[in-house]
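The values are calculated or read from the model by the stated rules, or taken from the named source; none is laboratory data. Bear in mind the structure is a predicted one, so any value in this text is a computation, not a measurement. Because the Cβ atoms are built from the backbone with ideal geometry, glycine has one as well, and the counts that use them run over all protein chains shown. Accessible surface areas use protein heavy atoms only, side chains included; no ligands, DNA or RNA. Shrake-Rupley method; radii C 1.70, N 1.55, O 1.52, S 1.80 Å.
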Amino acid sequence: KTQPNFIMGTLPSRWASRMQAYIAGHLEEFRIGAKEIKQRKFRIVEEGLFGCHVQLDGPAAGQSVRFPVFSGMVYTSAQYSDATPVITHPNGIKTIERVAPGTWQFTLFLGTSFRVYAMDFEGNVVGPDLDFS
């Protein structure tokens with residue numbers, strides 16, 4: 001786990017003990033992308049008051065992955081168009097288990113586990129043709 005880093009003030013006398021900055025690292029839980037899309041160049045395709053939609057475009061016409069990024073969002077999600085979902089972790093994924101149609105349990109070597117849900121554009125659970133294992 002990452003620890004926060006406190007940077008204390010450098011001003012003389014009574015301000016020296018005040019905090020100047022607080023830097024909090026992040027703990028990467030997983031990476032989500034597409035097999036066909038290798039570049040890291042993205043573009044913002046929608047922007048609103050509380051968030052935006054970021055898109056990665058693939059080499060083929062119409063191939064993309066779109067990520068909604070909103071303040072306070074609890075779940076990571078991605079919308080795929082003619083691309084194959086890929087989920088990885090720098091330390092590796094220990095097991096991937098299909099627990100229900102359109103639902104997988106991912107367990108990392110670090111011990112963390114999470115669920116992945118896959119739906120089509122109408123919100124229906126995907127069929128058995130999509131598999132992460």
Next item on the list: Take the residues in the range 9-39 that are at pLDDT below 80, open to solvent by 100 Å² or more (accessible area, probe 1.4 Å) and in a loop (DSSP other than H, G, I, E, B), then tell me which one is farthest from Ile93 (Cα to Cα).
Entry: Leu11
Next item on the list: For residues that are polar (S, T, N, Q) and in a strand (DSSP E or B), tally how many sit in the range 99-133.
Entry: 4
Margin query: Which of the numbered conditions does Asp57 fail, given that it passes all the others? Conditions: (1) within 16 Å of the chain's Cα centre (by Cα); (2) under 18 Å from Gly33 (Cα atoms); (3) modelled with pLDDT of 90 or more.
Written below: (1)
Next item on the list: Please give the number of the condition Pro4 fails out of (1) open to solvent by 40 Å² or more (accessible area, probe 1.4 Å); (2) at pLDDT 90 or above.
Entry: (2)
Next item on the list: Please list, ordered by first then second residue, the pairs with beta carbon atoms under 9 Å, 6 or more apart or interchain, first in the range 26-51 and in contact (Cβ under 8 Å) with a residue 12 or more places away in the chain, second of a type in the set (Asp, Glu).
Entry: Glu36/Asp82; Ile37/Asp57; Gln39/Asp57; Lys41/Asp57; Phe42/Asp57; Arg43/Asp57
Item checked: Matching entry among Val86, Val65, Val54, Val116 (being closer than 18 Å to Phe30 by Cα, in contact with a Leu (Cβ under 6 Å, 6 or more places away or on another chain) and either touching a residue at least 24 places away in the same chain (Cβ under 8 Å) or surrounded by 11 or more Cβ atoms within 10 Å (Cβ to Cβ) (or both)) -> Val65
Checklist line | Members of the range 73-109 that are more than 17 Å from Asp57 (Cα to Cα) and of a type in the set (S, T, N, Q) | finding: Thr76, Thr88, Asn91, Thr95, Thr103, Gln105, Thr107
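Does Ile96 satisfy the condition of being under 12 Å from the mean Cα position of the chain (by Cα), closer than 15 Å to Phe132 by Cα and in a strand (DSSP E or B)?
Numbers: under 12 Å from the mean Cα position of the chain (by Cα): no; closer than 15 Å to Phe132 by Cα: yes; in a strand (DSSP E or B): yes.
In short, no.
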Check: Can you name every residue in the range 102-127 that is more than 18 Å from Thr76 (Cβ to Cβ) and in contact with a Gly (Cβ under 9 Å, 6 or more places away or on another chain)?
Finding: Phe109, Asp120, Asn124, Val125, Gly127
Checklist line | Qualifying positions in the range 89-109 - among the aliphatic types (A, V, I, L, M) and surrounded by 14 or more Cβ atoms within 10 Å (Cβ to Cβ) | finding: Ile93, Ile96, Leu108
